[in-house]
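Asks: Quick one: structure below, then a few questions.
What follows draws every value from the coordinates through simple rules; no lab data is involved. Quantities reported herein were computed from a predicted structural model and do not represent experimental measurements. Backbone-built Cβ (ideal geometry, glycine too); neighbour counts: all protein chains shown.
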Amino acid sequence: MTIKLSQHLSADHKPFPTGGIAVVVGASGGIGAALTAHLCAQGGFDAVMGLSRPALDLIDEARIAACACEIAARGPLRLVIVASGVLHGVGLTPEKSWRDLDATRLAQLFTINAIGPALIVKHFCPLLARDGKSAFAALSARVGSIGDNHLGGWYGYRASKAALNQIIRTASVELRRSHPQAVCVALHPGTVPTRLTQPFAKNGLDVQTPQVAAAQICHVIERLSAENSGGFFDHLGKPIEW
C-alpha cells in the first residue's frame, strides 16, 4: 500500500529504538483492533498489548493504574495509542440542535472521550521510555476542531473531542520537560466504517477500512519527531487547526 505523506512531515523515518512495549487502549474497537494487528505484524517491539474491557475500564482509575504498573514491569514503554471513543449508543444520538442537549449524555461523552484518556495520560505518560523516541497518541476527530466547525451540531461529541485535544496539548508541554525526545499528539484517523461511525456514514466521503487507517496512523507516528509534539494531525500527517 502506498501512503501519500503530507509535506509537513519528513519522509524519513523517525524510528523507535528496537524493543520495548507498545500499548493500544481500546483494542476491541474497529480501529483499535486493526492497530494492534498492524503493530504486531510490523514487528520492532518486544510486545504489543491491546487493552480493553474488562482488563481496562476508562472510568476505573484504580484499574488504569494497575494496568500501567503491570506493563511497566514488562519493559520500557515505547508507544501508547488511545483508540477508545464514543459517538453514539444507548441513549446517545448526536445533537442536531441545542434543543437536544442533555446533561447525562454530555457527561457520558466527556467521560469516555476526554476524562478516560486524561487518566491514561496520568498513569502511562510518566512510564514512557526516556532513551530515544517514545510516543503517546490519542485518536481524536476533525469535528473536534473549533476552527474547522462550520456546520454546527454534534455538540457533545465535538466538545468532548476538543477537550481531548486540549488535554493532549497540555500533556505534551509537561512531557517535554521530562522526556525531551517524546512525541505527544492527537490524530484524526479519517472516515472509517466502524461501530462508532457506521450509522452516520455518508455517500461521497473518502471511507477507508480499519486496516488502511491503522497503517496510515502508524505511518504518521513513525515520522513524527519531538518537534511535532503537541500537534493535531490527520491520517496523512497534515496539521489540523485547533
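Asks: Taking the Cβ of Ala141 as the center, what net charge do the other residues with Cβ under 12 Å away carry, scoring Lys and Arg +1 and Asp and Glu -1?
Replies: +1
Asks: I would also like to ask the following. Against the longest principal axis of the chain, how steep is helix 210-223, in degrees 0 to 90 to the nearest 10, with axes from Cα atoms?
Replies: 50 degrees
Asks: Additional query: Which value, in debye to the nearest 20, gives the size of the charge dipole of the chain about its Cα centre, when Lys and Arg are +1 and Asp and Glu are -1 at the Cβ?
Replies: Dipole magnitude for the chain comes out near 120 debye.
Asks: Something else about it: What FRET efficiency do you get for Ala47 and Ala107 if R0 is 30 Å and r is their Cβ-Cβ distance, rounded to the nearest 0.05?
Replies: That pair, Ala47 with Ala107, gives E of 0.30.
Asks: Which residue fluctuates most in the GNM of the chain (Cα springs below 10 Å): Ala107, Ala141, Ala215?
Replies: Highest fluctuation among the options: Ala107.
Asks: To check you understand DSSP bridge types, tell me what percent of the beta bridges within the chain (both residues inside) are antiparallel, rounded to 5.
Replies: About 10 percent, rounded to the nearest 5.
Asks: Enter the angle in degrees (range 0 to 90, nearest 10) between the Cα long axis of helix 61-72 and the first principal axis of the Cα atoms of the chain, meaning the one along which they spread out most.
Replies: Tilt relative to the chain: about 30 degrees.
Asks: Read through the labelled values (i) 0.94; (ii) 1.01; (iii) 1.15 and report the label of the one computed as Rg/Rh (Cα atoms, Kirkwood Rh) from the structure.
Replies: It is the one labelled (i).
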